[in-house]
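Notes follow once the structure below has been shown.
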Number of protein chains: 2
Amino acid sequence: MATPDAYIDTHLQSFLEDFAHLIAIPSISTDPDHAGDVRAAADWVAERMRRAGLDASVVDTDGHPLVLGRHDAGADAPTLLVYAHYDVQPADPLGEWRSPPFELTRDGGNFVARGAADDKAQVILQISAAEAALRTGGLPVNLILLFEGEEEVGSTHLTPYVAAHAAELATDHVVIGDSMMFAPDRPSLIFGTRGMAYIEIDVRTGSHDLHSGQYGGAVPNPAHVLSRIITSFHDADGRVAVEGFYDDVRDVSPALRKAWAELGYDEEAFRRSAGGAPLRGEPGFSTPERLWIRPCLDVNGLISGYTGPGKKTVLPARAGAKVSCRLVPDQDPERITELLKDHVARRAPAGVEVTVTGFQENRPWYAEPEGPLFRAAAVAYEGVYGVQPVRVCHGGTLPIAVDFSELLTPSVAVMGFALPGANMHAPNEWIPVSQLERGMRVMARLYGELAAEGR
Amino acid sequence: MATPDAYIDTHLQSFLEDFAHLIAIPSISTDPDHAGDVRAAADWVAERMRRAGLDASVVDTDGHPLVLGRHDAGADAPTLLVYAHYDVQPADPLGEWRSPPFELTRDGGNFVARGAADDKAQVILQISAAEAALRTGGLPVNLILLFEGEEEVGSTHLTPYVAAHAAELATDHVVIGDSMMFAPDRPSLIFGTRGMAYIEIDVRTGSHDLHSGQYGGAVPNPAHVLSRIITSFHDADGRVAVEGFYDDVRDVSPALRKAWAELGYDEEAFRRSAGGAPLRGEPGFSTPERLWIRPCLDVNGLISGYTGPGKKTVLPARAGAKVSCRLVPDQDPERITELLKDHVARRAPAGVEVTVTGFQENRPWYAEPEGPLFRAAAVAYEGVYGVQPVRVCHGGTLPIAVDFSELLTPSVAVMGFALPGANMHAPNEWIPVSQLERGMRVMARLYGELAAEGR
């Protein structure tokens, strides 16, 4: 009997034709005009799962549907749930594409199309891997493929569905099949993403803007008040100076610091990607530590008075700021929001109205990167890439990782096969052809390694 | 022979009809569609001056014309130049007017119309006073009425004209016939207005905005840098903390502080007019001192990142502020701009691009409020109002006062007859009927008093 790898060898061309077919369905979830395409993509994915030998269904929600594919390997086998999404971002600005966005185009060793990297490659490679395993002697794990059509519009209906069907979706491990590798030929296991607390600060001194000559010097200026508050958020060295902010921050383990110090993190490439900004942050931590395991506070927006061209002698009556914190274990976003409110309230001058509104709160997600899933995935990656995967985090916020952790299992990992600079959400999105193939092989190996780990 | 006062008694009705006529010409200088009306107003004013017995001419400029009226009293008599303007602001928003803006409407003891207070009442009362003096035995001073049609659009062509015709406009005293009294029945001599230095600060960290999750904590945030700079502009007590800012500030004389302390300045009314803002400023000074004789620094505008509704997790690449200082003697706006630039430059973090652009520089104007013009005006006011005028300043900036002082004579005073809250530049602009009449009588008396002061 053939191996999954041999099956992939012989069927790769057909899998890539599937990819082209899925790419050609413009499943743009944010655009109501494309709701029919999103539905068509869901139907196609479910049908493709059935062809692979999975038990598949399209699950309606109040938004775009979910697609669920299952394989039952028996109660003794471990269960793996794989998440991916079949919806895509709009292709605008269309004029910047060098090939039609919804036509899978080969450019050297890469595929170029909207959704090539984010996230239709994952949809195809996950189904292909399952098929390769099933057709070559069975799939030794219970597999649940849970693909959504609303990732690009906030995953509104995913979490309620998972919560309501937690028993049915009971699993030992979750792989989030989205995101990217650390670098070419450096496969990655992402085990953490930061949480978020997002607030808006509004400073009001009076009911209306004033003439700066007739009032300047005799009434408070809300832009000054706001600037003083923002300045107070950090000490002179760049540490967050909100009282209690670091109280619950877990120390970075020496082992992790050592591992990350040896990553060969390319600071110069990071700096270039940041538009040439200098690299600066909390003292005593490296750039990857600052991004992945240390919290931060940033102003996201600032406004007061006249902001058009030229000058206007206005003394503003209000100033506003949007401020967000990225959070790490064990910071609680609700507590951080309260600390921010207290910090600001203590700095409101008498007679000046300073209000803080909480906008968004997301808990950080950090898995223990040493359990059976991470062990199995590391072996699978090494078998395909010839190197151990790096265990890294991501500075952004991934609410579904928190939800899966809390509703299903703490054994969650993010496995991405796109590469840095993939133009996700931008024109000329791309993924190497070889990464689809390697992704299939990694997943097929993962099933066996997970089965070997047992329940 | 009748006195000027008796002449005003018998001709008041006719003078007020003149006022209605001038009001009816919509001389909106900012609106090219009304350029013909501005010209028509200039022609009417010149003709009206001629009827009063003055030698009048319309002087073309590259913008709207000036109107010049002269009376020659001989080389031994002192010369008085009176400035006013015959152009007006637009009447928008039209829907908020309770009567047609370009129709002089009597409302109780007030006239209501666009230009009633700013500044057509002055045009009429100045010409009427000259006529009353001329028709009742002569005008004992050389009088130059210099009325412009571009005050509401920046007086672009006035200063170059005055500079080019300084010999022809040589004068001992200048009265600026614009502005308002300190309070009803409290006539005012304004002897100072603050100068200005206006800059824009631009902070850039990189070439483009970044995702706050992917970069937050590892690159500097320009909004933080800008807030720190703005905060550094003041000490905790509200004094300007720009190095050298107060170096050239003249001390407020004890006599002036005493006089102003006895003014009965209505802080509560000021606070109401400020939309309920609390009153706060440089420690050790009263509200009128803070407004009239102390410098200040205010942010006029502030922008960075995302400022729309809701949230966006953007790490901005730039932050900008507009900042202006109101200046008092002997601060030099060019030096202040340099101090601001130095102050900001010293606070620019390494690798962050911080630029300061100078926008506008105006010197403060402060006359010595004790010379012959102020003595004569005080007697004239007291003769009409029964009380001595208060000698006050204005916190705004009046570039023409500086120009007259430097090009013609340091003996400059602002004499206003509108009242506080006159809705200048707003709907339902008004002036008491009695203030036009009193203005005529004050000016007619001023001629005699100035003649008595001699050259």
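Test A:Ser232 against the stated conditions and say whether it is within 13 Å of chain B (Cβ to nearest Cβ) and surrounded by fewer than 22 Cβ atoms within 10 Å (Cβ to Cβ).
Yes, satisfied.
Within the option set A:Arg335, A:Arg375, being basic (Lys, Arg) and not assigned by TED's automatic domain parsing to the domain that holds A:Ala84 holds for one residue only, A:Arg335. Of all positions in the range B:394-417, none carries a residue that is within 18 Å of B:Ser128 (Cα to Cα) and of a type in the set (D, E, K, R). Has the range A:329-347 got at least one residue that is surrounded by fewer than 23 Cβ atoms within 10 Å (Cβ to Cβ), more than 11 Å from chain B (Cβ to nearest Cβ), in a helix (DSSP H, G or I) and of a type in the set (Ser, Thr, Tyr)? Yes; the residues of the range A:329-347 include at least one that is surrounded by fewer than 23 Cβ atoms within 10 Å (Cβ to Cβ), more than 11 Å from chain B (Cβ to nearest Cβ), in a helix (DSSP H, G or I) and of a type in the set (Ser, Thr, Tyr).
When the range B:281-296 is filtered for residues that are within 8 Å of another protein chain (Cβ to nearest Cβ), touching a strand residue (DSSP E or B) at 6+ places or on another chain (Cβ under 9 Å) and touching a residue at least 12 places away in the same chain (Cβ under 8 Å), the ones remaining, listed by number, are B:Gly281, B:Glu282, B:Leu291, B:Arg294, B:Pro295, B:Cys296. Name the one entry in B:Thr313, B:Thr307 that is in contact (Cβ under 8 Å) with a residue 60 or more places away in the chain, at the interface with chain A (Cβ under 8 Å from one of its Cβ atoms) and farther than 22 Å from B:Tyr198 by Cα. None of the other options fit; the residue is B:Thr313. Please go through the range A:307-322 and pick out each residue that is out of contact with any Pro (no Cβ under 8 Å at 6 or more places or on another chain) and over 24 Å from B:Gly216 (Cα atoms). Within the range A:307-322, A:Thr307, A:Gly308, A:Pro309, A:Gly310, A:Lys311, A:Lys312, A:Thr313, A:Val314, A:Leu315 meet the criteria. The test for being crowded, with 21+ Cβ neighbours inside 10 Å, under 22 Å from the mean Cα position of the chain (by Cα) and either among the charged types (D, E, K, R) or not in a loop (DSSP other than H, G, I, E, B) (or both) holds for B:Val67. The number of residues in the range A:413-441 being part of a loop (DSSP other than H, G, I, E, B), of a type outside the set (A, V, I, L, M, F, W, C) and crowded, with 20+ Cβ neighbours inside 10 Å comes to 2. For A:Ala277, the conditions (1) in the same structural domain as A:His224 (by TED's automatic domain parsing); (2) touching a Phe, Trp or Tyr at 6+ places or on another chain (Cβ under 9 Å) are fulfilled apart from (1). Quick check: anything in the range B:442-449 aromatic (Phe, Trp, Tyr), crowded, with 24+ Cβ neighbours inside 10 Å and either in contact with a strand residue (DSSP E or B) (Cβ under 8 Å, 6 or more places away or on another chain) or within 23 Å of B:Thr193 (Cα to Cα) (or both)? Yes, the range B:442-449 has at least one match.
Counting residues in the range B:232-250 that are of a type outside the set (Phe, Trp, Tyr), touching a helix residue (DSSP H, G or I) at 6+ places or on another chain (Cβ under 7 Å), over 30 Å from A:Met196 (Cα atoms) and not in a loop (DSSP other than H, G, I, E, B) gives one or more. Applying the criterion of being among the small types (Gly, Ala, Ser) and under 16 Å from B:Ser29 (Cα atoms) to the residues of the range B:65-112, the residue that is modelled with the highest pLDDT is B:Ala84. Taking B:Arg39 and the conditions (1) closer than 22 Å to B:Thr159 by Cβ; (2) surrounded by fewer than 15 Cβ atoms within 10 Å (Cβ to Cβ), which numbered condition does it fall short on, given that it satisfies the others? Failing condition for B:Arg39: (2).
Could you list all residues from the range B:290-313 that are under 22 Å from A:Ala317 (Cβ atoms) and among the polar types (S, T, N, Q)? If the condition is that a residue be under 22 Å from A:Ala317 (Cβ atoms) and among the polar types (S, T, N, Q), then B:Asn300, B:Ser304, B:Thr307 are the ones that fit.
Among residues that are touching a helix residue (DSSP H, G or I) at 6+ places or on another chain (Cβ under 6 Å), more than 23 Å from A:Val240 (Cβ to Cβ) and buried (at least 21 other Cβ atoms within 10 Å of the Cβ), A:Leu302 is not included.
I need a count of the residues in the range A:167-225 that are among the acidic types (Asp, Glu) and either in contact with a His (Cβ under 7 Å, 6 or more places away or on another chain) or within 29 Å of A:Ser155 (Cα to Cα) (or both).
At the first step, the residues of the range A:167-225 found to be among the acidic types (Asp, Glu) are A:168, A:172, A:178, A:185, A:200, A:202, A:209.
Keeping just the survivors that are either in contact with a His (Cβ under 7 Å, 6 or more places away or on another chain) or within 29 Å of A:Ser155 (Cα to Cα) (or both) gives A:168, A:172, A:178, A:200.
So the count comes out to 4.
Can you tell me which of A:Leu279, A:Leu291 is farther than 28 Å from B:Arg280 by Cβ and surrounded by fewer than 21 Cβ atoms within 10 Å (Cβ to Cβ)?
Numbers: A:Leu291 fails: surrounded by fewer than 21 Cβ atoms within 10 Å (Cβ to Cβ).
On inspection, the qualifying residue turns out to be A:Leu279.
All of (1) in contact with a helix residue (DSSP H, G or I) (Cβ under 9 Å, 6 or more places away or on another chain); (2) modelled with pLDDT under 95 hold for B:Ala56 with one exception: (2).
Taking every residue in the range B:254-272 that is of a type in the set (S, T, N, Q) and pairing it with any residue that is part of a helix (DSSP H, G or I), at least 6 positions away or on another chain, yields no pair with a Cβ-Cβ distance below 8 Å. Only one of the numbered conditions (1) farther than 20 Å from B:Val225 by Cβ; (2) in contact with an Asp or Glu (Cβ under 8 Å, 6 or more places away or on another chain); (3) more than 8 Å from every other protein chain (Cβ to nearest Cβ) is violated by A:Ser212, and that is (3).
Looking across the range A:168-206, just one residue is of a type in the set (Phe, Trp, Tyr), more than 12 Å from chain B (Cβ to nearest Cβ) and assigned to a strand (DSSP E or B), and that is A:Phe191. Condition first: more than 35 Å from the chain's Cα centre (by Cα) and facing another protein chain (nearest Cβ under 7 Å). Now tell me which residues in the range B:215-229 satisfy that. Within the range B:215-229, B:Tyr215, B:Gly216, B:Gly217, B:Ala218, B:Val219, B:Pro220, B:Asn221, B:His224 meet the criteria.
Applying the set (1) in contact with a helix residue (DSSP H, G or I) (Cβ under 6 Å, 6 or more places away or on another chain); (2) not assigned by TED's automatic domain parsing to the domain that holds B:Asp76 to B:Gly206 leaves exactly one unmet item: (1). Here A:Leu145 clears all of (1) in a helix (DSSP H, G or I); (2) crowded, with 24+ Cβ neighbours inside 10 Å except the condition numbered (1). Residues that are in contact with a strand residue (DSSP E or B) (Cβ under 7 Å, 6 or more places away or on another chain), among the small types (Gly, Ala, Ser), at positive phi and in a loop (DSSP other than H, G, I, E, B) occur in the range B:114-137; there is at least one. B:Val402 meets the conditions (1) outside any helix (DSSP H, G or I); (2) touching a strand residue (DSSP E or B) at 6+ places or on another chain (Cβ under 8 Å) in every case but one. The failed one is (1).
For the range A:400-455, which positions are on the phi < 0 side of the Ramachandran plot and among the polar types (S, T, N, Q)? So that I can check it myself, show each step before the final result.
Keep residues of the range A:400-455 that are on the phi < 0 side of the Ramachandran plot, which gives A:400-420, A:422, A:424, A:426-427, A:429-453, A:455.
Once the filter is applied, which keeps residues that are on the phi < 0 side of the Ramachandran plot and among the polar types (S, T, N, Q), the range A:400-455 yields A:Ser405, A:Thr409, A:Ser411, A:Ser434, A:Gln435.
The values are calculated or read from the model by the stated rules, or taken from the named source; none is laboratory data. Note that the structure is a prediction, hence the values are computed from the model and not measured. Here Cβ is always computed from backbone atoms with ideal geometry, including for glycine, and neighbour counts include all displayed protein chains.
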